[in-house]
1. When only residues in region C:1-19 that are buried (at least 24 other Cβ atoms within 10 Å of the Cβ) and among the β-branched types (Val, Ile, Thr) count, which is farthest from the chain's Cα centre (by Cα)?
2. Show the residue pairs meeting these rules: Cβ distance below 9 Å; 6+ apart or different chains; first residue within region A:62-80 and over 18 Å from A:LEU43 (Cα atoms); second residue among the basic types (Lys, Arg) and part of a loop (DSSP other than H, G, I, E, B).
3. Going through B:TYR176, B:TYR147 one at a time, which residue ends up being within 22 Å of the chain's Cα centre (by Cα), outside any helix (DSSP H, G or I) and either surrounded by fewer than 22 Cβ atoms within 10 Å (Cβ to Cβ) or modelled with pLDDT under 90 (or both)?
4. For residues that are surrounded by fewer than 18 Cβ atoms within 10 Å (Cβ to Cβ) and of a type in the set (Phe, Trp, Tyr), tally how many sit in region C:79-123.
5. Being touching a helix residue (DSSP H, G or I) at 6+ places or on another chain (Cβ under 9 Å), assigned to a helix (DSSP H, G or I) and farther than 23 Å from C:GLY38 by Cβ is the requirement here; does C:VAL127 meet it?
6. Write out, first by first residue and then by second, each pair whose Cβ atoms fall under 9 Å of each other, whose residues are 6+ apart or on separate chains, and whose first residue, in region A:106-126, is part of a helix (DSSP H, G or I) while the second is surrounded by fewer than 24 Cβ atoms within 10 Å (Cβ to Cβ) and among the acidic types (Asp, Glu).
7. Going by what's in this entry, would B:LEU270 be described as at the interface with another protein chain (Cβ under 9 Å from one of its Cβ atoms), crowded, with 16+ Cβ neighbours inside 10 Å, without any contact (Cβ under 8 Å) to a residue 12 or more places away in the chain and more than 21 Å from C:LEU35 (Cβ to Cβ)?
8. What tally of residues in region B:277-300 results from selecting those that are among the aromatic types (Phe, Trp, Tyr) and touching a helix residue (DSSP H, G or I) at 6+ places or on another chain (Cβ under 8 Å)?
Amino acid sequence: MPKFKHRALVSVVATILTVFVAVIVAGCGSSTTSGPIKIGVILPYSGDGQYYSKMIENGVRAKLDEVSNKIQGRDVQLVTADSAGDPAKGAEAAKKLVEVDKVDVVLPDLFSNVSLAIQDYLATTGTPMVLTSQSLPFMKGDLAFAPYGTTGSSSTLMGPYVVDNLGYKTVSEMFDDYAGAEGYMKGFTDTYTAKGGSVVQTQKPPLGTIDYAPYISKIQQADAMAIWFIPPEAPTFFKQYKDYGKTAPVIYVYIGTLVDRDVAQIGDLGGEGTIGQGYYSSAIDTPSNKAFVDMMTTKYGGPPTSYEFGGYVAASIIVQGVTATKGDTEHATLIAALKNVSVDSPTGKISFAGNGLGICNQYILKVAQVNGTYVLQPVETFEQVKNQ
Amino acid sequence: MKPRLGQTYSRWAVGMVLFAAVPPFLPSYLQGLLTKTIIFALFATSLNMLMGNTGLFSLGHAAYFGVAGYTASILIEVAGVHSAWVVGPASILAAGLVAAIFGVVALRVSGIYFLAITLALGQLLYSIGVRWRSVTGGTDGIFAGRYPDLGFGAMNPVRFYYFTLFVSTLCLLLIYIILRSPFGLSVRGIRDNEERMRSLGYNVWNHKYLIFVLAGVFAGVAGWLSRDYTGIMVPGYLGVMTSTTAMLMVIIGGENVFWGPILGAFLITLVEYYASIYTPARWPLILGAIFVISVLYLRDGVAGGAQSLAQRWRGSRASASD
Amino acid sequence: MLLIDLLNGVSFGMILFLIASGLSLTFGVMGVLNLSHGLFYILGALLSLELVQRGVNFWVGGVAAAAFVGLLGLLIERGFLSRLHNRLNEQVLLSIGFVYIFSNLMAWIWGPSGRLGPAPAGLGGSVHIGMDSFPIYRLAILAIGGAVAAGLWLVTQRTRAGAIVRAGMDDRDITRALGVNYGLVCSAVFVLGSFVGGFAGFVGSPVMATNPGMGFELLLLSLIVIVVGGVGSVTGTLLGSLLIGCIDSFGRAYFPNLAYFTIYLAMIVVLLVKPTGLFGRARART
C-alpha cells in the first residue's frame, strides 16, 4: 500500500515537472552576428489595454514589412509577450523574452508602471529598450531609448501656448489620480504657471470613476478647463461636462493619446475645439506623413494614431541601429549605435540626445472636423523639441 | 495512527527530494516559474484551510497576501529595513493582524453572506492601496527590489528557489499538522454540521475565527515570498482577481484533498503559460471555461478525481486477486 | 450647491437601485449570490447601444435589449444553476466562472473600451437650477427608477406571485410543502432579476460609459447596497441605494481624499451594527 501511494505521487509530480520542461524547448543559444534578429514586444494583449496593443504591433510590423523583414541580411523575428497590464507579469514576460527567446532588443509596455517594471528587470541583463510611447522618469538610465521623453514632455509646450495664443489666464484642473496622469498634467502646469497662468483648482478623481458628476458640479469659475484622463474615460467626462451645462473651453493637455474613435466620440459630444499637445496625428500635412497614412490605411483599414506611429518609429530606430552596426546585435554595440540614430519619421527627424531622451517634432492639436470626420488638426508645429 | 503518519511523511520526503534535486538542471526561466508556482501553491492551500476544511468560502483572501507584500515593500523601500529576519516576521504579523480584524467583521455572518463580505473587505483594502498613494504608490505600486536579504551571501534565482521551497514546505507541513489535529477535525465537523457541533458544546465561533486568522497568516507568508520574488507590489495583489485566482486553484485542483490546491496551482500556471503564448487575449475565457466544467462535472477537482480513480483501480485489483 | 449634490447622489443611487434590485431579488429568493450580475448591466447597455445605433427607437431598443438579457438569464438558470440544485456554494462558484467567460466574450465582440450613448430625444439638455444646470436625463432616471421600484413593490407585495416569492424567502421548505413549484419560482425570479439588470444597463448607457471590464465594479456596488439596505425587500434595496448614492456623491464632492472608502466604511458600520441590513428581513441567510 505505501509503495503504491509513493508511485502515484512520484508519477504525478514527475509528469508535471517533465511537462514543465518539455514546454520550454525554445531559443537555444543564438549568436549576435548571424541567425535571426529577435525583437521582443511586451504589451497588454489581455485586459484593458488590448485595443492599443494591436495598434502598436501593427505599426512595428508595418515597418518590418517595409524592409521585408530583413536587416543586413539577417531575418527579423518579432516575439510578442503579454503583460496583461500587470507589472509583475510584464517583468516575467521580459524574463522569458531574454532567457528563453534570447531577444536582442525589447519594446516595453504601453502602461507606465509596467514599463518601469520591465526596465527595472532589463537593467540587469543589459538589453536595450526602445519605447513606443512616453515613459515615467527612468529608473536606470543607459539602456532605454525614449523618443518622446517622459510623460511631462507631452504637455510642456501647451503651457505657454495657452497663455500666449489662447489668452486663458486661469484654469481649473481635473485628472486621473495616478502617476501617469500627474506626469502629463505637471508638464503643462509647470510651464503654464511659469508664464503667469494661474491654476484655481485641482480635482483628482480616482481611476475607474464612472460618474464624474460630483466633480463636475464642483468646478470653479476659470477661463478654461485643463484635463487629462485615460482615453476610455474621456468621452464620459465630455458627455457629463456638457450635460451639466459647462461651457468653459477644454484643454486636454496631452491630446495625442486619443485614437480616432475617441476623437469622433468627443466631437459628437460637443467637444469640438478641444485643444492639446501631441507628437502625432494622422492629419499632419507633410508628404512623408501622407505616405505613411496611405500605407497604413491600405494595410490596416484605417488611419494610424500615435500608437501605430510609436510602433513604426521604434521599429525604424532598430532598423537604423542594426544597419549602423552592420548586423551586429551584441548589446553594447547596438546601444552605442542606437545613441546615434537619426530616423526620418513620418513627422520629421527623430534622434536622441545623450541621455536616451528623444528629439522630435511636437504639435498643438485641435479637435476639428475635416471632410466630415473629427480629427486632431495640427494648429502649430514645434520643430525638433528636446524632450525631457 | 503511527504507520499512517510514517507513510504520509515518507510521501512528503519523496516529493521534497524531487523538488530539491531537479530544479538546478532546469533553465532559469523555468526555475522562476516553479518558484512562483510554489508560492501560489502555499497561498491556495491557505485558502483551502477555509474552503475545503471549514466550508468558509472567502473571496477576499488576497487581502492578507497583499498586506504582507505591502508591509515588506514599505519596510524595505521607505523605512530602509532590509533584513529579511525583520521584514518577514513583520509582514506575516501584519497579515495576521488584518485577518484578526477582518475576521471579527466577516464572521458576523455566514454562508453566502460571508462570501460577499470578504469580497467587499478585500476590495476595501484594494481601494486603499490605490488611493493612499503617498504610502502605497497607488497603481504604480512599490519597487523594493527582489529577493530577501538573509544577511549571509548574495541571493540569486537558484538560492531563492531553495529558500522559497524551504519556507513553503515548512508552512505546508504546519498547515497539514493543523488540519490533521483534533482542531482540524473539529473545523471539518463545523463544515459538515455547524448546529450539531454547537450542540456538542464546541465554541463554533472561536474555531472559525482561529482558522480564519491562521489562514490569513499563511497567506501572508505567501505574500511576503511573492513580493521577494517579483520585487514589485501593486494593489491588484490585494483585490478580487488575485483572490479568485486562488479560489480557482483550490476548486480545479480539488478542495477535499490536501495537495489539491497545490496541484491546482501547477495546472493553472501551466495552462496560463501556454495561453499567454498562443491566445493571450482569450486566457480568461479558457480559465473560466475550465472552472465552470470543473464545478459542474469534476467537483472534487483533479486531485479528487485522481484519488477516486486510484481507489477504483485498487479496488478492482483487490477483487481480482481474490 | 447642495441641491445639485443631492440630485447627483440620488440619480446615481437610482442607477444603483436598478442594478442592485435584480441581485437582491435572486439572492433573497434563491439564496444564490450571482456574482456575474454586473454582466447583465453591461450586456443590456451594449446591446441597446447597438440597436440605437442602427436606428431603433431608444425605448424600444432598451426594452428589447433587457428582454434578451432576461432570456440569457433563463438559459443560465435552466442550463446551469438548476443543475446545482440546492448547492449554493457551487452556484456562486459557477457565477464566478461566468464573469471570466462573459466579460472576455463581450470584450471580444465589442472591444475593451467604453461606449457611451446619446440621451433619447426630448430628454437631452439640461435645466437651470439656480446658477447651475442639471441634466434632464438624470431627472428622468429618477422617474424611471421610481417606476421600477413601484412596479417591483406592487408585484412582490400585492400579487399572489409576489406572496409566494416572499414566502419562499422566509421559509422555502414550507412553501414547497404547500405545493408551490419552487423551481419555477426560481426561474421566474432569476429571469426578472436579469431583465432588470439589463434594463439598468440601458437606462445608464447615456450617463456613463460602459466597458466590458466593469463587471466586478458594478457587482461590488450592488453588494454594498444589499449589505447596507438589506436583502429581499424592494424598499430596503431602494433606500440602501439612495443612501449609498448620496454617501458616494457627497463623499467625492466634499471629502475627495476619502472618496473611494466612504461606501465601504458605511458597509462595515452597518455590518457591525445590524448585519441583516438597515431594512432587511429576518436573519442573514446561511
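1. Of region C:1-19, the ones buried (at least 24 other Cβ atoms within 10 Å of the Cβ) are C:8-9, C:11-19.
Now narrow it down to the ones that are among the β-branched types (Val, Ile, Thr): C:15, C:19.
On the way: C:ILE15: 8, C:ILE19: 1 Å.
Filtering region C:1-19 for residues that are buried (at least 24 other Cβ atoms within 10 Å of the Cβ) and among the β-branched types (Val, Ile, Thr), the one farthest from the chain's Cα centre (by Cα) comes out as C:ILE15.
2. Sorted first by the residue in region A:62-80, then by its partner, the pairs are A:GLN72/A:LYS326.
3. Residue meeting the stated conditions: B:TYR147.
4. Number satisfying all stated conditions: 1.
5. Working: touching a helix residue (DSSP H, G or I) at 6+ places or on another chain (Cβ under 9 Å): yes; assigned to a helix (DSSP H, G or I): no; farther than 23 Å from C:GLY38 by Cβ: yes.
So C:VAL127 does not fit the description; no.
6. Within 9 Å, the pairs are A:SER112/B:ASP140; A:ASN113/B:ASP140; A:LEU116/B:ASP140.
7. Working: at the interface with another protein chain (Cβ under 9 Å from one of its Cβ atoms): yes; crowded, with 16+ Cβ neighbours inside 10 Å: yes; without any contact (Cβ under 8 Å) to a residue 12 or more places away in the chain: yes; more than 21 Å from C:LEU35 (Cβ to Cβ): yes.
Considered against the rule, which asks whether it is at the interface with another protein chain (Cβ under 9 Å from one of its Cβ atoms), crowded, with 16+ Cβ neighbours inside 10 Å, without any contact (Cβ under 8 Å) to a residue 12 or more places away in the chain and more than 21 Å from C:LEU35 (Cβ to Cβ), B:LEU270 comes out as yes.
8. So the count comes out to 2.
The values are calculated or read from the model by the stated rules, or taken from the named source; none is laboratory data. Note that the structure is predicted; figures quoted are calculated from it, not measured. Cβ: placed from backbone, ideal geometry, glycine included. Neighbour counts: every protein chain shown.
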